């Protein structure tokens, strides 16, 4: 770990620190007992900053800090679920198509290309308008809907990688040594895919949070989900700007921007780190 941190570039270090900060907020601080921030009129409305309410309260009587923590938790949870499903399915389908070849490759390629060209926005709007239930169930359902379109591009890239790698000499050597298809994929090809998959996973988290935030700001995200995008939209709809409740609308905007910068630095820094290792 010390060697990794020593060799890591500035962007990778900064990205790790920023992302870790948000993960601590979303998955550690979140579990400290607190009032449900989704409930209205829990506290007096429009309170200023105090020791009890570090960021004040909203015009609907919610604690802004705990609303922000809840929003970070839900947005990160959704992004991680989408990234996990999209990356795993994409890697599996891509490896299967690229290494198997033949009819199976053609069928899987047609299915993959179909999901690439399908316009996702109308489907997302339709599905999110039908979502009901608790906040946690909505996070999972929304993540599943986003994941429907998150696997196709990774699958195409992994397929191209598999087609290139399977023609290399060490793959032919493994075949002549008596290794089966599954063993070759697991021991020879998968390690190459895993390195790329980690970078794709981080990018998928960023993309999923961005998609949901865009839907929310347009008023198209599920109304029962407290996310970073919805928090901005609710503050905008209740005239937080005109009533000068800067912390209500400003805190989720600042948090979203910093989170995106952290994930971007993490992705680009990690890619540069891999390039540096390959150059050695």
Fewest to most Cβ atoms within 10 Å: 95, 104, 130, 226 sort as 130, 104, 95, 226
Convex hull of the chain built on C-alpha atoms - directionally averaged projected area, nm²: 18.0 nm²
Would you work out the relative contact order for the chain, in percent, from Cα pairs under 8 angstrom that are 6 or more residues apart? 29 percent
So the FRET efficiency between residue 40 and residue 253, C-beta based with R0 = 25 Å and rounded to 0.05, is 0.70
Would you compute, from DSSP H runs of 4+ residues alone, the mean residue ellipticity of the chain at 222 nm, taking -39500 (n - 2.57) per run and dividing by the full residue count, rounded to the nearest 500? -23500 deg cm²/dmol
In vacuo Debye sum over C-alpha of the range 79-157, base-10 log of normalised intensity I(q)/I(0) at q = 0.18 Å⁻¹, listed in q order, is -0.75
What does a probe at residue 276 reach in the range 1-33, counting residues whose amide N is under 12 Å from the point 7 Å along Cα→Cβ? 3-14
Taking only the alpha carbons of the range 1-158, the radius of gyration and the largest Cα-Cα distance, Dmax, both in angstrom, are 21.1, 67
Sort 261, 110 so that the residue with the fewest other Cβ atoms within 10 Å of its own Cβ comes first and the one with the most comes last. 110, 261
For the range 75-125, what percent of Cα pairs sit more than 19 Å apart? 42 percent
Give me the percent of Cα-Cα pairs in the range 213-280 that sit more than 19 Å apart, rounded to a whole number. 49 percent
Measure nothing fancy, just the Cα-based angle from helix 120-129's long axis to the longest principal axis of the chain, in degrees from 0 to 90, nearest 10. 40 degrees
Net length gained if the chain between residue 100 and residue 260 were fully extended (0.36 nm per residue, minus Cα distance): 53.8 nm
Viscosity 1.306 mPa s, temperature 10 °C: Stokes-Einstein D of the range 33-112 from its Kirkwood Cα radius, in µm² per second? 99 µm²/s
Please determine, in degrees from 0 to 90 and to the nearest 10, the orientation of helix 152-165 with respect to the longest principal axis defined by the Cα atoms of the chain, where the helix direction is its Cα long axis. 30 degrees
Can you give the angle from 0 to 90° between the axis of helix 64-100 and the longest principal axis of the chain, with both taken from C-alpha atoms, to the nearest 10? 10 degrees
By average C-beta atoms within 10 angstrom, highest first, the peptides 168-176, 191-199, 227-235: 227-235, 191-199, 168-176
With an 8 Å cut-off on Cα pairs and a minimum separation of 6 or more residues, tell me the relative contact order of the range 73-194 in percent. 41 percent
Send over the Kirkwood Rh of the range 113-224, from the inverse of the averaged 1/r over different Cα pairs, rounded to one decimal Å. 16.6 Å
How are the alpha carbon pair distances in the range 142-195 distributed across 5 Å bins from zero to the largest one, expressed in percent? 4, 18, 23, 19, 13, 10, 6, 5, 2, 0
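Coordinate-derived values only; no laboratory data. A quick note: this is a predicted structure, and the numbers were derived from the prediction, not measured. Cβ coordinates were reconstructed from backbone atoms using ideal geometry, including for glycine residues, and neighbour counts include every protein chain displayed.
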